[in-house]
1. When only DSSP loop residues count, what trypsin sites (Lys or Arg not before Pro) in the range 32-114 have their Cβ near at most 14 other Cβ atoms within 10 Å?
2. Note the full-extension length gain between Val117 and Thr81 as 0.36 nm times their separation in residues minus their Cα-Cα distance, in nm to one decimal.
3. To the nearest 0.05, what FRET efficiency results for Cys108 and Ser74 with a Förster distance of 22 Å applied to their C-beta separation?
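Nothing in this text is a laboratory measurement; each read-out follows from the coordinates by a stated rule. All of these numbers come straight from a predicted model, not from anything done at the bench. Cβ: placed from backbone, ideal geometry, glycine included. Neighbour counts: every protein chain shown.
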Amino acid sequence: MRTCIAFATAVLAAAVAATGAAASVDPSISVKPRKLTLGETATIRGTSWVVGAGCSNRVVVRIRIAGATARVGSDRVDPSTGAIRLRFTPPQSKFPTGRARLIARQGCPDDQGGDLVRRTGLRLVD
């Protein structure tokens with residue numbers, strides 16, 4: 001009887017730990033450098049994006065600045081790491097200087113919580 005209770009307790013503890021670990025995984029996006037001179041290249045990285053669960057295997061990144069939005073690009077989510085990586089060179093002729101927002105979106109079904117959207121800021125300078 002004690003062995004059965006100990007086993008059940010161990011299984012329950014493992015299930016709780018696994019649930020906590022899964023719940024703590026949260027997609028993120030970052031950009032370096034955060035202060036970007038127009039015409040230079042930035043690296044956009046994302047971590048912990050969803051693999052499977054009916055979600056798209058691509059993350060689309062857009063930039064929003066001065067009320068306008070433009071597509072930066074997209075990358076396939078690495079199935080083994082959940083990571084994405086893009087390079088972005090804003091041309092001087094298309095982007096004003098100032099504060100900008102990068103918005104990353106991964107399409108997921110509504111029954112999985114809907115699309116995942118993450119944002120990060122950067123500054124475009126001359």
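1. Details: sites: Arg34, Lys35, Arg45, Arg58, Arg62, Arg64, Arg71, Arg76, Arg85, Arg87, Lys94, Arg99, Arg101, Arg105; in loops: Arg34, Lys94.
The qualifying sites are Arg34, Lys94.
2. On the way: separation 36, 0.36 × 36 = 12.96 nm, distance 1.85 nm.
Answer, rounded to one decimal: 11.1 nm.
3. On the way: r = 15 Å, r/R0 = 0.68.
After rounding to 0.05, the efficiency reads 0.90.
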